[in-house]
Every structure is written in C-alpha cells, then in structure tokens.
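Take a look at the structure below.
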Amino acid sequence: MIQVGDPAPDFTATDCQGRPLSLSSLRGRRVVLFFFPKAFTIGCTLEVRAFRDNQARIEALGANLVGVSVDSVATQCAFAAREHIHFALLGDDERRISKAYDVLWPVLNVDRRVTFILGPDGKVEAVIRHEARVYRHLDDVLRYLQDHPLPAAPGTGPSRG
C-alpha cells in the first residue's frame, strides 16, 4: 500500500458528469482520496453520506474530495444521483486506480476502506484505515486537515498598509 511520503500515483478517470478527472489536474491543492468497497452497501453508503455532509467543511479546509470504488461508472453515477453526491465519485471496475494504490482485498477483489490525504505537491501526507468504523475516516480526515493547515498563499494574508 502507498505510504506517507510516497508520491501519489496519477490517474485519469471519468466522473459522473462525464468529465475526465486526473489527479495531476488537482496538483497545488490537497486531495482527500478515499476508497470504499462497493456502492449501495450499508457501510459504504454511511461513509459516503458522511463525506457528502461534510464536503463544504473539507473544501473550506483546502482539500478536494474524490471517492473511488471498483464499481462501474454507471453504478457509481446511479449511487451519486441517489445520494446527492456533488464531489467526484469514480468507478474503477478495471481496478487500475485500486491496483496503483494497492488497496484491493486479495480474495474479494474489492477496495479496502482506506483514505489518503494527498498534499499539494502530490505526495501522501496521511493514510487512514478503518475497515469497520466508517465514521472514523471522516473524523480523522477533519482532525488532520484542522491540525495541519496549509500555509496561506502569498498575497492572501492581512495587508500591512
């Protein structure tokens, strides 16, 4: 599995609006990249709803939110529509992204429940793993983002005039 300090593998996938999304296009911002086993299952639905309900908070802390599972794009889009998801949910039925991040369960061939916080430089800042306690991902993501704020961009601080 990808570890803290490793460069995050780049990928390009199609989101539910039919737009290509590449990780490299998000460079310069933090990314919360979370993997979950399957759309429409109880635990995954609870987890995705928790991220949905806190999307604005995560974005206010300077991060983009991206979810990935081994479902097809069509299944992922149906799930996003049903749950009113407005961040990128990516279907990875060919398991290219999941293999690159080494998050597949060996026998089940579905994603482990793993969240990566990626820095603006494209490196992994944190890895969060809680298979059964789905709310811990969101709690740990929010705690990390709050405890590790990004420096303000030049020219965005208070003026000295």
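What follows draws every value from the coordinates through simple rules; no lab data is involved. On a predicted model such as this, the values are computed, not experimentally measured, just so you know. Here the Cβ is made from the backbone with ideal geometry for all residues, glycine too, and neighbour counts use every protein chain on show.
Label sites at R27 and V4, each approximated as a point 7 angstrom past Cα along Cα to Cβ, lie 2.5 nm apart. Taking the C-alpha atoms only, the angle from helix 135-147 to the longest principal axis of the chain is near 20 degrees. The packing ranking of peptides 48-57, 90-99, 65-74, highest mean first, is 65-74, 90-99, 48-57, where packing means the average number of other beta carbon atoms within 10 angstrom of each residue.
The simple spin-label model puts a point 7 Å past each Cα toward its Cβ; for D93 and Q17 those points are separated by 2.3 nm. The magnitude of the dipole of the range 13-161, with charges of +1 and -1 set on the Cβ of Lys/Arg and Asp/Glu and taken from the Cα centre, is near 220 debye.
A straight chain from R129 to F40 at 0.36 nm per residue would run longer than the Cα-Cα distance by 30.0 nm.
Between Q55 and A100, full extension at 0.36 nm per residue minus the direct alpha carbon distance yields a gain of 13.7 nm.
The value given for the range 29-147 is a Kirkwood hydrodynamic radius of 14.1 Å, derived from the mean inverse Cα-Cα separation. Applied to the range 66-78, the Karplus parametrisation 6.51 cos²θ - 1.76 cosθ + 1.60 on θ = phi - 60° returns per-residue 3J(HN,Hα) values of 9, x, 9, 9, 7, 5, 6, 4, 4, 5, 4, 5, 5 Hz, with x for Gly and Pro.
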